[in-house]
Amino acid sequence: MDNPNIVVNPHNNLLTFEEHFYALQDVDEPNTYRNLFPYDEIPKIVFNQRVVPINMPEKIWITDTTFRDGQQSRAPYTTEQIVRLYDYMHRLGGPNGIIRQSEFFLYSKKDRDAAYKCMERGYEFPEVTAWIRANKKDFELVKNMGIKETGILVSCSDYHIFYKMKMSRRQAMDHYLSVVRECLETGVRPRCHLEDITRSDIYGFVIPFCLELEKLGKEYGIPVKIRACDTMGFGVNFTGAAIPRSVPGIIYGLHTHAGVPSEMIEWHGHNDFYKAVTNSTTAWLYGACGVNCSLFGIGERTGNTPLEAMVFEYAQLKGTLDGMDTRVITEMAEYYEKEIGYKIPSRTPFVGKNFNVTRAGIHADGLLKNEEIYNIFDTEKFLNRPVLVAVSNTSGLAGIAHWINTYFKLKGDDAIAKTDPIVAHVKDWVDQEYASGRVTVLTDDELLAAIDRACEACNKKLAHE
Ligand SMILES: CC(C)C(=O)C(=O)O
C-alpha cells in the first residue's frame, strides 16, 4: 500500500488511518467511568498528564440557546418577549455577527410563530436555527420554514445509550446516522448535539461516530456541525486532566482525530460545578469556533453558560469587541426584570444590581480617590452602569460622598468632598439608624430625604452666620 494513511482491514475494506484506529467499540456493558463518577462519592478529576496545544481559531463566535435550553427551565416566553429579546441580541452581537445563531423550538404553533416573527426581522445575525423531533416530517417543516440548520439530539454517553435508550453503541450509532441522513436528504444542515460528552467514551464512541458523520456530510455536500454538550457540567479545563472530563482533550480529539473543522465545533456548557464560563473559554482556546450560551445563564438546573459573560470573554481574548454593543446587556437586564418579572441575583457579574456596588467604607474611600481602584473597567462606558457605593453602617464619610456624587452625577469641581458638612449630617443620621438596630442597607429614597434634611440644616446654619 503506497499511501500510509490508508489501512486495509481483515475484510479488505479500505479504511482511513483514523477509521482504523478509532473503530467503534461496541462494548457489552456500559462504561460509566466509575473511577470518575462513583455516584455515592463526589465525582473525581483525574490527571493523565496529556497536554494538548492551545489552538484558538482566528474567528470565534457565540451562539444562543435562550429560547431552547434557556426556555426548557422556565415558563415559556410570549412571542412578543422572544422577538424583543431577539432584537436585543441582534444589537448586542453587532454587524460582525459575533452572536451568530439562535435556536428555536418548532413544536407548537406558538413556537413557530415566534421563529417566523424573528425571521421576518430580516437580520443576518443571529441566524434563526431549529430544534425539533428528529423525524422526516419535522425536517420537512424546518425546510419549509426556510430554516437552514437544525439541532438533532445524539446522546453519546453510555448512561444515555444503555440506560435511557436501552440500545447498544452500534444500535445507537446506526440510529443516529440514519436520522442525520434523513436530515441531509431534506437539505437541512444537521447540528448534532452530543449530549453528555463529558461522561462518554471519546475514543470508543465519539470519535468513530464523528468520523461517520463527516463522511455523511461529505456524501451530501453539507457540513455536519458537532455540538459538544457538557450536559452535567463535568468538564474541567485543567492542564493534564484526563478525558472525558478534559475540555481541551475533547476539542482536540474532535478536531485532530475526527477531523472536524473548528467552524463546525461548538461547546455547550452547564454550570453545575461553577465552570460553565471558563470551560466555554477553554473550548475556544483549544479549537472550537462556537460557544453556545443562554441569556443570564438561565437554563436547566444551575443553568447554561451566560451569554453576556462570553461577550466579555471574547473581548478579553480578542482585544476588541468587534462591533458588539455591550450597553445593550443592561437594557436586556432591565427589560428582563421589568417585563418578564425575573429577579436577576444581585451579585451576578455584569448585570446584577450589585455587580459594581461597593459597601465597605475603606473601599469607598479608594473609589472616591480614583474609581479604577475598585471597578473592573469603565462600567459606565460599557454597561451604562456607573460604579456605586451602597450606604450602610460601614460606608463612612467617603461612601456617602461617593453615593451623592454618583447619584447626582457630580464630577470634577462640582463633586462633593467627604469633608463637606452635608456629608457629615447625612452620616449622623446613618449612624443613628444603625445604632437603633437597623440591619439593612439604606434605600435611595431614604438617602435623598436625609440629604434634603442635611441641606436644609446647612442652609439654616449659613443664614445664622
Ligand atoms: C439536551 C442536550 C442537547 C443539551 O442541551 C445538553 O446536553 O445540555
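The values are calculated or read from the model by the stated rules, or taken from the named source; none is laboratory data. These numbers come from a predicted model, not from an experiment. Note: ideal-geometry Cβ built from the backbone for every residue, glycine included; neighbour counts use all protein chains shown. Each accessible area value is taken on the protein alone, full model and side chains, heavy atoms only, with ligands, DNA and RNA left out. Shrake-Rupley method; radii C 1.70, N 1.55, O 1.52, S 1.80 Å.
In the condition set (1) away from the ligand (no atom under 16 Å from the Cβ); (2) within 30 Å of residue 30 (Cα to Cα); (3) acidic (Asp, Glu), residue 158 is compliant with all but (1).
Could you tell me whether residue 224 is in the same structural domain as residue 22 (by TED's automatic domain parsing), over 12 Å from the mean Cα position of the chain (by Cα) and within 16 Å of residue 52 (Cα to Cα)? It is false that residue 224 is in the same structural domain as residue 22 (by TED's automatic domain parsing), over 12 Å from the mean Cα position of the chain (by Cα) and within 16 Å of residue 52 (Cα to Cα). For the residues 130, 115, the requirement of being within 15 Å of the ligand (Cβ to nearest atom) and more than 23 Å from residue 202 (Cβ to Cβ) singles out 130.
Considering region 141-155, and only residues there that are among the polar types (S, T, N, Q) and not in a loop (DSSP other than H, G, I, E, B), the residue that is nearest to the ligand (Cβ to nearest atom) turns out to be 150.
Considering only residues in region 42-69 that are within 16 Å of the ligand (Cβ to nearest atom) and in contact with a Ser or Thr (Cβ under 8 Å, 6 or more places away or on another chain), the one that is nearest to residue 97 (Cα to Cα) turns out to be 63. Kindly establish whether residue 32 is touching an Asp or Glu at 6+ places or on another chain (Cβ under 8 Å), of a type in the set (Val, Ile, Thr) and away from the ligand (no atom under 16 Å from the Cβ). Yes: the conditions hold for residue 32.
Okay, residues lined up against (1) more than 29 Å from residue 45 (Cβ to Cβ); (2) open to solvent by 10 Å² or more (accessible area, probe 1.4 Å); (3) of a type in the set (Ser, Thr, Tyr):
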residue	(1), (2), (3)
185	yes, yes, no
197	no, no, no
206	no, no, no
211	no, yes, no
218	yes, yes, no
227	no, no, no
235	no, no, no
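Taken over region 264-282, residues that are aromatic (Phe, Trp, Tyr) and either within 15 Å of the ligand (Cβ to nearest atom) or surrounded by 20 or more Cβ atoms within 10 Å (Cβ to Cβ) (or both) amount to 2.
Residues that are open to solvent by 10 Å² or more (accessible area, probe 1.4 Å) and touching a helix residue (DSSP H, G or I) at 6+ places or on another chain (Cβ under 8 Å) within region 249-258 comprise 249, 255, 257, listed in sequence order. Filtered by the rule that a residue be among the aliphatic types (A, V, I, L, M) and closer than 20 Å to residue 387 by Cβ, region 408-429 gives 410, 415, 416, 417, 423, 426. If you go through region 288-321 and keep only what is over 22 Å from residue 103 (Cβ atoms) and out of contact with any Leu (no Cβ under 8 Å at 6 or more places or on another chain), you end up with 312, 316, 318, 319, 320, 321. Contact annotation: residue pairs with Cβ atoms under 7 Å, 6 or more positions apart or on different chains, pairing a residue in region 232-256 that is farther than 16 Å from residue 285 by Cβ with a partner that is surrounded by fewer than 23 Cβ atoms within 10 Å (Cβ to Cβ) and among the hydroxyl-bearing types (Ser, Thr, Tyr), are 233/302.
Of all residues in region 403-420, those satisfying the criterion of being surrounded by 14 or more Cβ atoms within 10 Å (Cβ to Cβ) and either closer than 18 Å to residue 453 by Cα or out of contact with any strand residue (DSSP E or B) (no Cβ under 8 Å at 6 or more places or on another chain) (or both) are 403, 404, 405, 407, 415, 416, 418, 420.
Residues in region 346-376 that are of a type in the set (D, E, K, R) and part of a helix (DSSP H, G or I) were compared, and the one that is least open to solvent (accessible area, probe 1.4 Å) is 365.
I'd like to verify a number: residues in region 28-86 that are hydroxyl-bearing (Ser, Thr, Tyr), closer than 30 Å to residue 130 by Cβ and touching a residue at least 12 places away in the same chain (Cβ under 8 Å), how many? Total meeting the criteria: 7.
Taking (1) buried (at least 19 other Cβ atoms within 10 Å of the Cβ); (2) within 20 Å of residue 247 (Cβ to Cβ); (3) hydroxyl-bearing (Ser, Thr, Tyr) in turn, residue 150 satisfies each apart from (2). Scanning region 379-402 for residues that are over 20 Å from residue 431 (Cβ atoms), free of Cβ contacts under 8 Å to residues at least 40 places away in the same chain and open to solvent by 70 Å² or more (accessible area, probe 1.4 Å) gives a single hit, 381.
Only a single criterion out of (1) touching a strand residue (DSSP E or B) at 6+ places or on another chain (Cβ under 9 Å); (2) closer than 16 Å to residue 290 by Cα; (3) open to solvent by 10 Å² or more (accessible area, probe 1.4 Å); (4) without any contact (Cβ under 8 Å) to a residue 60 or more places away in the chain is not satisfied by residue 261, namely (1).
Just checking, does region 187-194 include any residue being more than 14 Å from residue 250 (Cβ to Cβ) and over 25 Å from the mean Cα position of the chain (by Cα)? Checked against the condition, which is being more than 14 Å from residue 250 (Cβ to Cβ) and over 25 Å from the mean Cα position of the chain (by Cα), region 187-194 yields at least one hit.
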